[in-house]
Structures are given as C-alpha cells and as structure tokens.
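A.B. asks: I have a structure I would like to understand better, so I am pasting it below and will then ask my questions one at a time.
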Amino acid sequence: MVKMAKSNGYVWDAKDYAKNSANQFAWAQELIPKLKLKGTEALLDIGCGDGKVTAEIAKALPRGRVVGVDSSEEMIKLAQANFPQKAHANLSFQLMDARKLTFNEEFDKVFSNAALHWVVDQAAVLEGVQRSLQTGGRLLFQMAGKGNAQDVLDIIDELLTGAASWKRFFDGFTFPYAFLSPEEYRTLLAEAGLTPLRVEIFPKDMKFTGAEGLAGWVRTTWLPFTERIPIEQRDSFVKEIVNRYLKRYSPDAQGVVHLRMIRLEVEARKPA
C-alpha cells in the first residue's frame, strides 16, 4: 500500500497522481518556453508535485538553479527520490505551503503550472511571491480559471443535491478552488505590488484514454470531494461521476474522452 500524507487537509497519493497527470505535464511543456530562460536564472516552482516539471526546467538552467516547493510531504518525497540532488546539482525540493513562502529576494523567476487554483487565499501566495522575487523579477503562472471543468462540476452538483446517498457527506461544504477571472487576478497582482504584464483566459481540451483515464483524473485530483466520502464508497462515487459524464460526452472514434477546461495564464513583474 502506498503511504499517503495530508496536504492542506487533503490526502495525496503521489504515485497515483504521477500516473494520471499526463495532461498537466503536457501543459507545462507548452508553458516552459514562455519563461524565455537564458540558462543562468534562479527559479522557484510553486506546487512542484512529483517534480518532473521542475526537472524539465532545471535542464534549461545549466548555470542556474531551481527550487521546487509543495505542501504535500508525499509529493516532495517522490520528487526527491526521482530527482536526487547528487544527480541534479541545480535542482532541489522543499516542503512548503504556497501561502507561507519563506524566501527573500532569491529568485529571478517564479513559475507555477496547474497548482495555484488549489489555494483560495491567493493574496497570501502573491505576497510571498513578491517577497521571493528580486527587483525586476517575473512570475509565470498557469492555473484553472473561471468556468473550469464546468461539465464535471455540474454532474457533481447533481449528485450532491439530488442523491441522498451522497448529499449527506457534504454538510457545510464550500467551493474549494480559486477559479478566478483575469480581472480578479489583475486586482490581486496590483494589491501585492506586482505589475501585470499579461493576464488572459482560454479554453483547453483535456484528453483521457477511455473511462479508466477519466476515473484516474477524478480519483487523484478531486480530493475536496472524494475525501468527503467514506473510503469504502469512494470508488462508487468516482464511477458514478465518470458514467454520467460519458453518457453525455461520448469518447471520440479513437476512444479518447475530451473535457473542456479553462486556463488562466498570468505574467507579472516585480517593479523597482
């Protein structure tokens, strides 16, 4: 059995997530070139997860350094095991909450991919990012934006309001994600003393191999919902979400399941 650790109240199975995060890795590969790295920068990766994206960035910084942080102990342990510092001299990982960054003017760049929508208190994140950046330093984030995964959320809402068997586990439940609009994020940047350079929102097609692929994504990333369900009933909950989704949105001719996502992409600078 895989040992799992709590992160912000949720329990992450790092190895299972690593198997079911191909979409997130693909998005990161599209995002990394936008950093426009010269090879000498110091970079902070917030929400580094299993470390494979952070390691990709480190390859582009042969004379620089990269620090990956995550609030999940299990994720950090897996990242350190997969990318030991003795084999990756410019790469290190630290257990750290994105709301409580402890760095002071250490980085030229701060990066985050598919992670920060987990943090409702974005003001605390940006305050720490502003403090972590050197003067003139830049941030590049991509996260879920307003309207993200609405088709799945509609199905979950039906389950929680229409089925007594699931509804009883969600008393006092509040929406756990920060799915923000560009306007909302520009305001947060300005309040943190950061100058917005580009804040935009756009759709993204998420792809899964059949029902099993979709179930893996729900199981490993929808923790605020699945952890409300007793362990012995979680597979049934995930299966019901997947079955309802596939009934409405059939796989294509190749058996690929498509899901409409909304991404918020942010570039900003720390002014002099």
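A.B. asks: Give me a count of the residues in the range 105-127 that are out of contact with any strand residue (DSSP E or B) (no Cβ under 6 Å at 6 or more places or on another chain) and more than 18 Å from Gly68 (Cβ to Cβ).
C.D. replies: 7
A.B. asks: Right, here's the next one. Take the residues in the range 1-60 that are of a type in the set (Asp, Glu) and surrounded by fewer than 16 Cβ atoms within 10 Å (Cβ to Cβ), then tell me which one is modelled with the highest pLDDT.
C.D. replies: Of everything passing the filter in the range 1-60, Glu56 is modelled with the highest pLDDT.
A.B. asks: Now, a different point. Which of the residues spanning the range 82-127 are small (Gly, Ala, Ser) and over 15 Å from Cys48 (Cβ atoms)?
C.D. replies: Matches in the range 82-127: Ala87, Ala89, Ala123, Ala124.
A.B. asks: Is there a residue in the range 176-189 that is more than 21 Å from the chain's Cα centre (by Cα), more than 27 Å from Ala60 (Cβ to Cβ) and not charged (D, E, K, R)? Break it down into steps so the answer makes sense when it comes.
C.D. replies: Residues of the range 176-189 that are more than 21 Å from the chain's Cα centre (by Cα), as a first pass: 187.
Among the residues that remain, those that are also more than 27 Å from Ala60 (Cβ to Cβ) are: 187.
With the extra rule that they be not charged (D, E, K, R), the set shrinks to 187.
For the range 176-189, residues more than 21 Å from the chain's Cα centre (by Cα), more than 27 Å from Ala60 (Cβ to Cβ) and not charged (D, E, K, R): present.
A.B. asks: Counting just the residues of the range 226-272 that are within 30 Å of Leu188 (Cα to Cα) and exposed (fewer than 14 other Cβ atoms within 10 Å of the Cβ), which one comes out modelled with the lowest pLDDT?
C.D. replies: In this case the residue turns out to be Ala272.
A.B. asks: Residues that are of a type in the set (Phe, Trp, Tyr) and buried (at least 22 other Cβ atoms within 10 Å of the Cβ): find the strands (runs of 3 or more DSSP E) completely inside the range 64-139 holding 1 or more of those.
C.D. replies: Result: 91-95, 107-113.
A.B. asks: Step by step: first the residues of the range 178-199, then only those that are out of contact with any helix residue (DSSP H, G or I) (no Cβ under 9 Å at 6 or more places or on another chain) and part of a helix (DSSP H, G or I), then the one that is surrounded by the fewest Cβ atoms within 10 Å (Cβ to Cβ). Which residue is that?
C.D. replies: Among residues in the range 178-199 that are out of contact with any helix residue (DSSP H, G or I) (no Cβ under 9 Å at 6 or more places or on another chain) and part of a helix (DSSP H, G or I), the one surrounded by the fewest Cβ atoms within 10 Å (Cβ to Cβ) is Glu183.
A.B. asks: Name the residues in the range 140-177 that are without any contact (Cβ under 8 Å) to a residue 60 or more places away in the chain and assigned to a loop (DSSP other than H, G, I, E, B), would you?
C.D. replies: If the condition is that a residue be without any contact (Cβ under 8 Å) to a residue 60 or more places away in the chain and assigned to a loop (DSSP other than H, G, I, E, B), then Ala163, Arg168, Phe170, Asp171, Gly172, Phe173, Thr174, Phe175, Pro176 are the ones that fit.
A.B. asks: Across the range 225-272, what is the number of residues that are touching a helix residue (DSSP H, G or I) at 6+ places or on another chain (Cβ under 9 Å) and under 30 Å from Arg198 (Cα atoms)?
C.D. replies: 11
A.B. asks: Looking at the range 200-215, which of its residues are under 19 Å from the mean Cα position of the chain (by Cα) and in a strand (DSSP E or B)?
C.D. replies: Glu200, Ile201, Phe202, Pro203, Lys204, Asp205, Met206, Lys207, Phe208, listed by residue number.
A.B. asks: Taking only pairs six or more apart or across chains, which ones have beta-carbon atoms under 9 Å, a first residue in the range 228-256 that is in contact (Cβ under 8 Å) with a residue 60 or more places away in the chain, and a second residue that is of a type in the set (Asp, Glu)?
C.D. replies: Short answer, once both residue conditions are applied: Arg244/Glu158; Tyr245/Asp151; Arg248/Asp151; Tyr249/Asp151.
A.B. asks: Turning to a different aspect of this structure: Looking for whichever is polar (S, T, N, Q), within 25 Å of Glu240 (Cβ to Cβ) and in contact with a strand residue (DSSP E or B) (Cβ under 8 Å, 6 or more places away or on another chain) here; the options are Thr174, Thr209, Thr161, Thr221. Which one fits? First the steps, then the outcome.
C.D. replies: Working: Thr174 fails: in contact with a strand residue (DSSP E or B) (Cβ under 8 Å, 6 or more places away or on another chain); Thr161 fails: in contact with a strand residue (DSSP E or B) (Cβ under 8 Å, 6 or more places away or on another chain); Thr221 fails: in contact with a strand residue (DSSP E or B) (Cβ under 8 Å, 6 or more places away or on another chain).
When all the criteria are applied, what remains is Thr209.
The values are calculated or read from the model by the stated rules, or taken from the named source; none is laboratory data. Bear in mind the structure is a predicted one, so any value in this text is a computation, not a measurement. Every residue, glycine as well, gets a Cβ built from its backbone with ideal geometry; the counts of neighbours run over all protein chains shown.
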